[in-house]
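A short worksheet on the structure shown next.
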Amino acid sequence: MGIVADMLQEGILMTMGVSVNTAWIILVAIIALYALLWYGRYQTFEKVLLSFVILLGLSFILVFILVKPDLVAILKGLIPTSPTHHLGLIAAIAGTTCSAALFIMRSTIVAEKGWNINDLNTEKKDALVSTTTMLILSAVIMAVSAGTLHMMGMTVERTTDMIYLFEPLGGKIASLILILGVAGAGLSTIFPIALIAPWLIADYTGKPRNTKSTQSRVLMLIALLFGFGSVLMEQKPPALMIFSQAFQACILPAVAIPILIMLNRKSLMGSYTATTKENVWLWTVIVFSIYTTYYGVMEIF
C-alpha cells in the first residue's frame, strides 16, 4: 500500500502539480477497497482483480516497448546461475510469485466457482492460463528492470526512484504508464489479502464464505488498516516489501507439506490420491520452498 501511495502521489504531482500526503491517498484507497468488499460479491471481486491485472499487464508491456531494453542482456539473464548475494530479494521474488497465499486463494476460487471433481479438466485449463499469464507478466517486468536499470547500474531505494529513472528512457508518458502498472499490481495484491483470513476461518469451521458477516467485515478492515504501516514505520516501502515477501517465502513449506500429506491420504482422497507425476511436482515445490525459505531466513537474521 505504501508503494501504491508513493506512485500515485508522484502521478498526481506530475499531472496536476499538487502534492498530496500519502496518508490521505492510503485512506482513500482503503475506503474504496473496503466499500467493494462491503457491498460486493465474489463475481464483483473477480472483475475488479481482472481489471487490475489487465492494467498491470498492458502498462508494463507498453513501458517495455517505450524503453527498448537490451535484448542481449535479457538473454544472458536467462542462463541459470547460483546466486551469491541479494538472497533476501531472491526469496522475496519467490515469495510473491509462488506464495502460500496463492494456494489458499486458488482453492477458494475453485470452491466459489462451484467446481467439483467433474470440472477437473476445466480447472486445469484455467490454472494453465493463470500460471502462463503470470509467467509472461513476470518476464516482462523483469526484462524492463534487467534491460534498463541493471544495465545502467541504477538501484531503487525509494518508490519514486523508479519514476525518475524511467523518465529519461521513455519520457513522461512511460512514467505515468509505469505508475498505473505498479498501482494495479499493488491493489491486485492487497484486495485478495484482505479476504484470506475470513475465507480461511470459514473453511476451517465449515461455514459458508460470507463476506457480509460481522466477523468477515472486521477481519477485512483490520487487514486493510495494515496499509498504514508504511506511514508509521521509518523504513521505505520498497525495503518493507522485500522483507515482507521474503518472510512470506518462509510460510510456503507450511502449506506445501500438508498438501502433499493430504493428497496422498487414501481415507480423504479415495481414488483421487496424487499420482507419481503429481508427487514429483509436489516434492519439487517443497524443495523449492525450503530453498527460498533458507534465503528468507538468512535475510531476516
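Restricting things to Cα coordinates, could you compute the convex hull volume per residue of segment 166-274 in Å³?
Hull volume over Cα atoms, normalised by residue count, gives 179 Å³.
Multiplying the sequence separation of A73 and R265 by 0.36 nm and subtracting their Cα-Cα distance, what value in nm do you get?
In short, 64.4 nm is gained.
What is the P(r) of segment 200-262, as percent of Cα-Cα pairs per 5 Å bin from 0?
In order of increasing distance, the bins hold 3, 13, 14, 16, 17, 19, 13, 5, 1 percent.
Search the structure for amide H atoms under 5 Å from the amide H of K113, placed 1.01 Å from N in the peptide plane, and list their residues when 5 or more places away or on another chain.
Under 5 Å from the amide H of K113 lies no amide H from a residue far enough along the sequence or on another chain.
At 0.36 nm per residue, minus the direct Cα-Cα distance, what do W38 and I12 gain on full extension? Give it in nm, one decimal, please.
6.6 nm
Anything over 21 Å Cα to Cα? Flag those among K76/K172; K76/K125; K47/K113; K47/K207; K47/K68; K76/K277, in the order listed. Spell out each step's value before the answer.
On the way: K76/K172 29 Å; K76/K125 32 Å; K47/K113 13 Å; K47/K207 25 Å; K47/K68 32 Å; K76/K277 32 Å.
Cα-Cα > 21 Å for K76/K172; K76/K125; K47/K207; K47/K68; K76/K277; rest within.
Since every read-out is calculated from the coordinates, none of them should be taken as a lab result. Computed from a predicted structure; not experimentally measured.
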